[in-house]
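The values are calculated or read from the model by the stated rules, or taken from the named source; none is laboratory data. Owing to the predicted nature of the structure, the values given are computational and were not obtained by experimental measurement. Heads up, the Cβs are rebuilt from the backbone with ideal geometry, glycines too, and the neighbour counts pull from every protein chain shown. When the accessible area is computed, the model is the full protein with side chains, heavy atoms only, and any ligands, DNA or RNA have been set aside. Shrake-Rupley method; radii C 1.70, N 1.55, O 1.52, S 1.80 Å.
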Amino acid sequence: MPFLDISSVSKSYGTQGVLENINLSIEEGEFVVFVGPSGCGKSTLLRMISGLETISSGTIAIEGKVVNDIEPAARGTAMVFQSYALYPHMTIFGNVSFGLRMARNTKEFIASKVAQVAGILQLNKLLERRPGQLSGGQKQRVAIGRAIVREPRVFLFDEPLSNLDAELRVQMRAELMDLHRRLGTTMIYVTHDQVEAMTLADKMVVMSGGRVQQAGPPLTLYDDPDNRFVAGFVGSPKMNFLPVKTVEPASGGVQLSGIAGNGTAFLPLEAPGLIGPIEIGLRPEHIRILPASGSEAGLFLEGRVTLIEELGSESFVHLDLDDGTRMTVRAGRDADLSAPTLRLAIDLSHALLFGIDGDRIRSQSGPRA
Amino acid sequence: MTVVTTRPTIWTVLKWALAILIALIALFPIWWMVNVVFSMPGEPVSLNPRLWPTSLSAGIEKIRVIFTETEYLRAYGISLIYAVLTIAGVLTFGSLAAFEFSLFDFPGRRILFGIILLSLMVPTAVTIIPTYLLTSQLGWLNTMHGLVVPGLASAFGLFMLVQFMRAVPKDMIEAARLDGASHFQIYWHIALPLCRNAMVTLAILTFMQTWGNYMWPLIVSSKPQLYTVGQVVGLFNSPLSHQTVDMVMTANLLAAIPPLLFFLIFQRKIVEGVAMSGTKG
Ligand SMILES: Nc1ncnc2c1ncn2[C@@H]1O[C@H](COP(=O)(O)OP(=O)(O)OP(=O)(O)O)[C@@H](O)[C@H]1O
Ligand SMILES: [Mg+2]
């Protein structure tokens, strides 16, 4: 039985549905990240787990016990808010100890608990200050301390780092990973930053339009997405999508034609009944820039360079193909990018196919299309 | 901070002149009162106005006489109890109701709040007779609770506190809920401290209002034992009073002192409170 089980959960405000039939199981100690575009329902789902939001239908169970009707504080969850939500009129000690004081613990117990947490988060010197006298990163640590001190079964984070500047965000991210390793507690983390999601997650849950699009280890989602949304959302820069006009069965595979204009290619894919139009998904690193002259076998495309992003070790080249399709290609330091148009070679062994409904078309014989 | 000094323009001079003029007009009656009180009995007061008091001891003697030989001291006590009980009630009921109205949703919330706001617009003169009848039917005439209870729920106070509590972030309330605070504990430990300034302001305004309230005490208590300062001063002022002008002035001055003191002590809080209403807790 999973540690935290979300089963057929839906949520609607009046007639407006926000979450639809969410099924998700989370193991003890896992670091789970909910990621998705703004308004897709991540916060709502998190708040339903915490108990701050009611569940319209379905059940949420923690350690086998359905918690739908259990008070937030009794669920053993603790939450860190994007706004930190520290109590401005209390000292840091008062903030961290608030939950313990509400539970009527003894003074000695509270003091030792707070001291322990302050040690973990390096808050010792700040305990007598008030939230107004702290920096953003320090406030964030206090908010985490307030969650840790209650020794919850599940930590919930709602975009905790989005108010921090880029450098601090990277540092806090590392601290969070370290914290997770030390405490070993289940953590659920909401973000709409997919880089944050990739780096933190044991299990990444991509959401969109009130549904879970796919859940799994970040690299699985990167390499083997279930649909076009996940493929496009995970990875930066984004995956390229090439339109394909027709698909015809051929011996041992399918023949594609009308790829981004008039490209043709043979795919050794066991997919009887597959008909076009479809889309080919290709990561920027699976496209090669060819020297201006020379001929090789395979699928070639030609594109006009619109932008080159130099990142030092590598660069990303943005191109427009003849039919208007936009492409992003990764190039190494040694690539010659001086020409206004570039010839691209496409490695179809990494190509993913998507139907026009956005679903992934998988090979029926092998694991990869 | 750098201090930038600029030469005063004609406008600043005019503004200041006007402000000083208004202040003088407002202060003069009080100063005149002091003048009359602290002078020998029988010294002419109205014609040829004197601008300075002449005798400290004579004034102190008048105050002593008022406190020891009239009902004044008891009235002071009654007024004080009346004000303190009213303040306690207004703050308690106002903050409890404001907590619910501003931070939680419940059926009928908007309508109820609308009705309360509407009651702000009804003049006291309209409600005072029904209130009197109700109080009298309860048998509360000539009692302290008859005096206090009708003033306990203040629509204005509720409105003001709601404005303040609306500014308390929802996240903070939810954080407290997750921390295991009960509904009342959230009110007590989070909402109340966060609108402390508003509470102080409301307390001061309520004090001023109750202390200066003349009509209701007059109506509800006919027995001299329950007279408030306002009523006693009214007696001094009445045409049949056998008090001399300077004694009447002394009574007036003594009545004016508590609100003045209150205001001077809490002036900064009042300004802060009014300025901050609705922006932050
Ligand atoms: N109280 C509410 N009443 C009605 N609709 C709501 C309410 N709260 C949220 N919603 C709607 O539910 C949807 C999901 O909101 P949610 O806050 O969960 O999004 P999110 O994924 O966290 O977005 P973001 O990344 O911007 O924080 C949104 O379309 C929002 O408008
Ligand atoms: Mg959100």
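Just give me the residues in the stretch B:96-108 being without any contact (Cβ under 8 Å) to a residue 60 or more places away in the chain and surrounded by 10 or more Cβ atoms within 10 Å (Cβ to Cβ), in sequence order. Write out each step before concluding.
First, the residues of the stretch B:96-108 that are without any contact (Cβ under 8 Å) to a residue 60 or more places away in the chain: B:100, B:104-108.
If the condition is that a residue be without any contact (Cβ under 8 Å) to a residue 60 or more places away in the chain and surrounded by 10 or more Cβ atoms within 10 Å (Cβ to Cβ), then B:Glu100, B:Phe104 are the ones that fit.
A quick yes/no check of all residues on (1) open to solvent by 10 Å² or more (accessible area, probe 1.4 Å); (2) closer than 23 Å to A:Phe316 by Cβ:
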| site | (1), (2) |
| --- | --- |
| A:Lys203 | yes, no |
| A:Val206 | no, yes |
| A:Asn227 | yes, no |
| A:Ser236 | yes, yes |
**Message:** Just to check your reading of the model, which residue among A:Gln214, A:Gln194 is under 15 Å from A:Phe31 (Cα atoms) and either open to solvent by 50 Å² or more (accessible area, probe 1.4 Å) or of a type outside the set (A, V, I, L, M) (or both)?
**Reply:** A:Gln194
**Request:** For the stretch A:59-78, enumerate the residues that are free of Cβ contacts under 8 Å to residues at least 24 places away in the same chain, away from every other protein chain (no Cβ under 14 Å) and touching a Ser or Thr at 6+ places or on another chain (Cβ under 8 Å).
**Result:** A:Val66, A:Asn68
**Request:** Grab the helices (runs of 4 or more DSSP H) fully contained in the stretch B:132-247, keeping just those with 1 or more residues being open to solvent by less than 30 Å² (accessible area, probe 1.4 Å) and within 14 Å of chain A (Cβ to nearest Cβ).
**Result:** B:155-165, B:170-178, B:183-186, B:196-212
**Message:** I'm trying to understand the selection: among the residues of the stretch A:314-348, which are open to solvent by 70 Å² or more (accessible area, probe 1.4 Å) and within 27 Å of the chain's Cα centre (by Cα)?
**Reply:** A:Arg326, A:Arg330
**Message:** Just to verify a result, which residue in the stretch A:73-86, among those that are more than 26 Å from the chain's Cα centre (by Cα) and over 16 Å from A:Pro160 (Cα atoms), is surrounded by the most Cβ atoms within 10 Å (Cβ to Cβ)?
**Reply:** A:Ala73
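Taking the condition outside any loop (DSSP other than H, G, I, E, B) and either within 16 Å of ligand 2 (Cβ to nearest atom) or open to solvent by 10 Å² or more (accessible area, probe 1.4 Å) (or both), does A:Val170 pass? Steps first, please.
Values: outside any loop (DSSP other than H, G, I, E, B): yes; either within 16 Å of ligand 2 (Cβ to nearest atom) or open to solvent by 10 Å² or more (accessible area, probe 1.4 Å) (or both): yes.
Yes.
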**Item:** Lone qualifier among A:Ser251, A:Ser208, A:Ser257, A:Ser236 - being within 16 Å of ligand 1 (Cβ to nearest atom) and of a type in the set (S, T, N, Q)
**Value:** A:Ser208
**Fill in**
Counting only residues that are under 15 Å from A:Ser12 (Cα atoms) and either within 11 Å of another protein chain (Cβ to nearest Cβ) or loosely packed, with under 14 Cβ neighbours inside 10 Å (or both), the stretch A:46-58 contains a total of 5
**Asked** Do any residues in the stretch A:79-100 that are facing another protein chain (nearest Cβ under 9 Å) have Cβ atoms under 7 Å from those of residues that are within 16 Å of ligand 1 (Cβ to nearest atom) and part of a helix (DSSP H, G or I), where the two are at least six apart or on different chains, and which pairs are they?
**Response** A:Met79/A:Ser50; A:Phe81/B:Asp171; A:Ser83/B:Asp171; A:Ala85/B:Asp171
**Message:** Scan the stretch B:109-121 and tell me whether some residue there is in a loop (DSSP other than H, G, I, E, B), open to solvent by 70 Å² or more (accessible area, probe 1.4 Å) and in contact with a helix residue (DSSP H, G or I) (Cβ under 6 Å, 6 or more places away or on another chain).
**Reply:** no
**Item:** Residue list for the stretch A:147-163, filter: away from ligand 2 (no atom under 16 Å from the Cβ), within 12 Å of chain B (Cβ to nearest Cβ) and either open to solvent by 10 Å² or more (accessible area, probe 1.4 Å) or of a type in the set (Asp, Glu) (or both)
**Value:** A:Arg150, A:Pro152
